[in-house]
Amino acid sequence: MDKFELISRNLEEILTEDDLRQVLVKKERLEHYIGFEISGSIHLGTGLVTALKIRDLQNAGVACRIFLADWHTWINDKLGGNFDAIKTIGVDYFKEGFKASLEAVGADFSKVEFILGSDLYDGANDYWLTVIEVAKNTTLARARRSVDILGRQAGEEIDFAKLIYPMMQVADIFYLGVNLVQAGLDQRKAHVIARDVALALKFKPLRSANQAKTKPIALHQHLILGLQKPSLWPVPPEKLREARTEFKMSKSKPDSAIFIHDSNKLIEAKILKAFCPPTETFYNPIIDWVEFLILSRFGSIEIKNQVGKKKYRIDQINELKKDYNQGRIHPLDLKEAVIFSLEKMLEPIQIYFNQAAPKKILADFEQFKTK
């Protein structure tokens, strides 16, 4: 698999593919980052989907960074808005969670740089100049429309600090000097702003190898579905992207999400009651997890037909969808196969969090969340 295939696989979108191909042809160094609010327990989408993409990027020779956005977490009122606790208890937990997630999927944790927002901004006059310069090149109306990257609705009554959030997120890209930015599709608006203002910036523009100003390349990873049934069923084809965004896996819906340190008993209970309509692959959370988690990690999945006593070993998602559409695979058989594969994938993480030091960090974080 060549570098373009490694970087681009299992993504929803690249802004733009042509830009990525040109950078690869010129053999320019690719500097990556993905940023996270420290806003709750790490679920499969945050931890494993991200880790699997970082594994691909590392295999393509990309330098990878994880940005722990404590300021953004505080601005967005997460974890009670306790800034000191976010920077200590939250950061410790996220670092341990990502360490375990990266190692569980075969990525190299030691080669991932972790950056804390507070450390990046401390005494950094050029950073705040960049924030203001981004804002000077962005209209107020556009900033207001961009608040959905915070999980807020356009038109929702918000404090003014939340309008600064998108400007900071864009400024982070230029101040870090990264030309490959990774996020879920829900962060698209911030990345479009970054690309639109890139050539106008003077203080901290991105530059190519020949020193010309350049735009960041945005990798938008898939938002895996939560396990709940969508409110509108069946989902009309024209509403699919909207439904996938609305019903993505979310820490705010713990019954429809699996967290990286959930017990096997809890994993089994959640998946067995999950929405998984027979013969339906257009919108099916369990099929979605096979495609973007299990096949990406293991390359195949074994499904046992309990009635016919047959075994299916499937390594192509289209093959699975065809057999499932035609009723050859029962929803319960598919769920059982996913339970087995997920438990195998999460076993190293469970072992890690049973060690004394990570176990205490997890316990402290869980206690902090309940305050």
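Quick notes
- Odd one out for Lys78 among (1) within 18 Å of the chain's Cα centre (by Cα); (2) within 20 Å of Gln182 (Cα to Cα): (2)
- Qualifying residues in the stretch 251-270 (those that are part of a loop (DSSP other than H, G, I, E, B) and touching a residue at least 60 places away in the same chain (Cβ under 8 Å)) - the one surrounded by the most Cβ atoms within 10 Å (Cβ to Cβ): Ile258
- Residue, nearest to Asp77 (Cα to Cα), within the stretch 246-268, restricted to residues that are under 16 Å from the mean Cα position of the chain (by Cα) and small (Gly, Ala, Ser): Ser252
- When we screen Ile115, Ile86, Ile158, Ile75 for residues that are in the same structural domain as Thr46 (by TED's automatic domain parsing) and under 25 Å from Lys202 (Cβ atoms), the only hit is Ile115.
- Test: residue in the stretch 187-202 that is outside any loop (DSSP other than H, G, I, E, B), closer than 17 Å to His43 by Cβ, outside the structural domain of Arg145 (by TED's automatic domain parsing) and in contact with a strand residue (DSSP E or B) (Cβ under 8 Å, 6 or more places away or on another chain): no
- All of (1) within 20 Å of Ser41 (Cα to Cα); (2) surrounded by 14 or more Cβ atoms within 10 Å (Cβ to Cβ); (3) of a type in the set (A, V, I, L, M, F, W, C) hold for Leu334 with one exception: (1).
- Counting only residues that are part of a loop (DSSP other than H, G, I, E, B) and basic (Lys, Arg), the stretch 203-224 holds 2 of them.
- Every condition in (1) more than 15 Å from the chain's Cα centre (by Cα); (2) assigned to a loop (DSSP other than H, G, I, E, B); (3) closer than 30 Å to Val290 by Cα holds for Leu6 except the one numbered (2).
- Given (1) surrounded by fewer than 17 Cβ atoms within 10 Å (Cβ to Cβ); (2) touching a residue at least 24 places away in the same chain (Cβ under 8 Å); (3) closer than 30 Å to Phe160 by Cβ, index of the condition Glu12 fails: (3)
- The listed residues are Ala209, Ala183, Ala171, Ala194, and the only one of them that is over 20 Å from Ile132 (Cβ atoms) and either of a type in the set (D, E, K, R) or over 15 Å from the mean Cα position of the chain (by Cα) (or both) turns out to be Ala209.
Listed here are the residues, each with its yes/no results for (1) closer than 21 Å to Lys95 by Cβ; (2) among the basic types (Lys, Arg); (3) touching a helix residue (DSSP H, G or I) at 6+ places or on another chain (Cβ under 9 Å); (4) surrounded by fewer than 18 Cβ atoms within 10 Å (Cβ to Cβ).
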{"site": "Arg313", "(1), (2), (3), (4)": "no, yes, no, yes"}
{"site": "Gln326", "(1), (2), (3), (4)": "no, no, no, yes"}
{"site": "Asn354", "(1), (2), (3), (4)": "yes, no, no, yes"}
{"site": "Gln367", "(1), (2), (3), (4)": "yes, no, yes, yes"}
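The values are calculated or read from the model by the stated rules, or taken from the named source; none is laboratory data. Everything numeric here is computed off the predicted structure, so don't read it as measured data. All Cβ positions, even for glycine, are placed from backbone atoms using ideal geometry, and neighbour counts span all protein chains on display.
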